[in-house]
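See below for the structure under consideration.
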Amino acid sequence: MSRIGKNPVAFESGVQVSISAQNEITVKGAKASQLVKMRPEIKAKVEGNKIVLTRSDDSQTSKALHGLYRALVQNAVIGVTQGFTKTLILNGVGYRAAVKGKILELNLGYSHPINFEIPTGITIVVDKNTSISVTGASKEQVGAVAAKIRGFREPEPYLGKGVKYSDETIRRKAGKAAGK
C-alpha cells in the first residue's frame with residue numbers, strides 16, 4: 001500500500017467537503033473553494049472529519065495515483081484554510097516592483113517596464129519595492145505565478161542580479177581572473 005496514500009486527510013470543522021458522482025472532491029473553506037478531479041482508479045469517502053482515499057487494484061499506476069491524489073486533496077484542504085505564499089526578492093540596482101490595480105509593474109533593468117496581469121485567485125503584495133509576496137489558495141497556481149515572475153529576469157551567477165525566491169541560494173561563480 002502507498003505510504004502517503006494510506007494516510008487519511010484530516011480537516012477542521014470549518015471546512016466543507018463533498019464528493020460528487022463524477023469522482024470530484026470539492027473542498028470549501030473560509031478563504032476559497034478548491035476542486036480536485038480524480039481518475040476512476042481512486043475512490044474517496046468522508047469519515048467524520050477525515051477524507052480516506054482507496055484504490056481499486058494494486059497496479060503500478062493505481063499505487064502512484066493513490067499517493068498523488070492524497071497529496072492533491074491535502075493541498076486543497078491546506079489551501080482553503082491557510083493559503084500558500086511564495087516570496088520573491090529583487091536583486092539589482094534600480095530593480096523595483098509596484099502593484100497598480102490588477103497589474104504588477106516590474107522594472108528589471110530592461111529599457112521598458114514589464115506589466116504582469118495578476119490572475120484571479122492570486123494576491124500580490126510588494127514590500128519595500130524589492131520584495132514580492134504571491135499568495136493564493138491553490139499551491140499549483142501560486143507556484144506557477146511565482147515562476148513566471150522569476151522567469152522575467154532569472155538570477156545570474158556572477159553578481160546574483162535578478163529575481164530569486166527568498167529561500168533560494170544562488171551559486172556564485174568567480175569572474176575573470178586578472179592576468180599576471
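The values are calculated or read from the model by the stated rules, or taken from the named source; none is laboratory data. From a predicted model like this one, the values you see are computed outputs, not experimental measurements. Note: ideal-geometry Cβ built from the backbone for every residue, glycine included; neighbour counts use all protein chains shown. Only protein heavy atoms, including side chains, enter the accessible area calculation; ligands, DNA and RNA are left aside. Shrake-Rupley method; radii C 1.70, N 1.55, O 1.52, S 1.80 Å.
Structure values in brief
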item: Heavy-atom accessible area ranking, 1.4 Å probe, most first, across Asp58, Asp127; result: Asp58, Asp127
item: Residue-normalised accessible area of the chain, given per residue in Å² at a 1.4 Å probe; result: 61 Å²
item: Positive dipole terminus of the chain, leading residue within Phe152, Ser18, Asn75 (C-beta point charges); result: Phe152
item: Integer Hz, Karplus 6.51/-1.76/1.60 couplings in order for the range 118-125, x for Gly and Pro; result: 6, x, 5, x, 10, 10, 10, 10
item: Rounded to 5, percent antiparallel among DSSP beta bridges of the chain; result: 100 percent
item: Acute angle (nearest 10 degrees) that the helix 60-81 long axis makes with the longest principal axis of the chain, alpha-carbon atoms; result: 70 degrees
item: Ratio of the Cα radius of gyration of the chain to 2.2 N^0.38 Å, where N counts its residues; result: 1.34
item: Positive dipole terminus of the chain, leading residue within Gly48, Ile4, Pro113 (C-beta point charges); result: Pro113
item: Percent carbon-and-sulfur accessible area, the chain, ignoring ligands, DNA and RNA, probe 1.4 Å; result: 49 percent
item: Crossing angle, helix 139-151 versus the chain [Cα axis fit, 0-90 degrees, rounded to tens]; result: 20 degrees
